[in-house]
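J.: First the structure, which I've put down as structure tokens, then a few questions once you've had a look.
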Amino acid sequence: MDNLFGELRLGHLRLAPLGARRRTKVTASQAAAEYTGRWGWAVATGDPATDTPATGATAPTRCPCGSARCAAPGLHPVPGTEGRGRAARAESSVLFPTGRAFDVLDVPEQAGLQALVRLERMGTQVGPVLAAPTGRLQFLVAAGTARRLPDLLYRMGWDDAALDLICHGEGSYVAAPPTVLGGLGPVRWLRRPTRDNAGCPPEARLLLGTLAYACHRGRERTAEPAWIAS
């Protein structure tokens, strides 16, 4: 098991640089209309986080909720916008309410890339995957996963491991492309939705073991002394 990811080459999965993205910019309204009309997903409109000028310092990211230490800047839905196929303003953020059409497994980018390579080599049907500019990958999985996650991890033997693995379920929101998060950059698709997976995301048990192992190995490597890691 220690060599599960040892020989994987991730070059073809590296996130594209800014200059390599398509020139046609999709607006928030266009994206929201596609998500609801084409894929049948609910969306909500969020007020984007802004950069508030600060004297003699780098401008901090400020969330419309008013909290200077908000853990999810720009991910608060505007009341009354959920389910609409359009965004109120061009600069608005587009949000997916999780726990309905899908839940979302959220892992560090490097661990997510390693797991994705392994899963696809094994022939596992992976659903849509989001790449957030915060250095996280988000795997869309069947709704209800967040509620069952502790039991799933227990059955796989990962219940006592300190894993950097989060599941967004009912009552949560994740940012959808092309939302820009607090000056960090846009959310993008690493694996786009298709007719096969948009309406039927994979069961979490098919991905969870590989994702958990990748997160565990990533944590181990981070904890290694510099002379060993080098």
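The values are calculated or read from the model by the stated rules, or taken from the named source; none is laboratory data. Because the structure is a prediction, the values reported are computed rather than measured. Cβ sites come from the backbone with ideal geometry, for glycine too, and all protein chains shown count toward neighbours. Accessible surface is based on the protein model in full, side chains and every heavy atom, while ligands, DNA and RNA are left aside. Shrake-Rupley method; radii C 1.70, N 1.55, O 1.52, S 1.80 Å.
J.: I'd like the full set of residues that are farther than 19 Å from Glu34 by Cα, among the β-branched types (Val, Ile, Thr) and at pLDDT 60 or above, limited to segment 60-118.
T.: Val78, Val104, Val107, Val117
J.: Which of the residues that make up segment 113-123 are out of contact with any helix residue (DSSP H, G or I) (no Cβ under 7 Å at 6 or more places or on another chain) and either buried (at least 22 other Cβ atoms within 10 Å of the Cβ) or in a loop (DSSP other than H, G, I, E, B) (or both)?
T.: Result: Met122, Gly123.
J.: Only one of (1) assigned to a helix (DSSP H, G or I); (2) in contact with a strand residue (DSSP E or B) (Cβ under 6 Å, 6 or more places away or on another chain) fails for Gly183. Which number is that?
T.: Failed condition: (1).
J.: Continuing with this model, one more query. Name the single residue, out of those in segment 164-179 being more than 22 Å from Glu34 (Cα to Cα) and among the aliphatic types (A, V, I, L, M), that is surrounded by the fewest Cβ atoms within 10 Å (Cβ to Cβ).
T.: Among those that are more than 22 Å from Glu34 (Cα to Cα) and among the aliphatic types (A, V, I, L, M), it is Ile166.
J.: Here's a follow-up. Regarding Ala161, is this residue of a type in the set (A, V, I, L, M, F, W, C) and either open to solvent by 40 Å² or more (accessible area, probe 1.4 Å) or under 15 Å from Phe102 (Cα atoms) (or both)? Can you show your working first?
T.: Numbers: of a type in the set (A, V, I, L, M, F, W, C): yes; either open to solvent by 40 Å² or more (accessible area, probe 1.4 Å) or under 15 Å from Phe102 (Cα atoms) (or both): no.
For Ala161, the condition - of a type in the set (A, V, I, L, M, F, W, C) and either open to solvent by 40 Å² or more (accessible area, probe 1.4 Å) or under 15 Å from Phe102 (Cα atoms) (or both) - is not met.
J.: Moving on to the next point. For segment 124-158, give me the residue count where each residue is in a helix (DSSP H, G or I), of a type outside the set (D, E, K, R) and open to solvent by 60 Å² or more (accessible area, probe 1.4 Å).
T.: 3
J.: Which residues, taken from segment 182-201, are at pLDDT 95 or above, surrounded by 13 or more Cβ atoms within 10 Å (Cβ to Cβ), under 17 Å from Lys25 (Cβ atoms) and not hydrophobic (A, V, I, L, M, F, W, C)?
T.: Within segment 182-201, Arg188 is the sole residue that qualifies.
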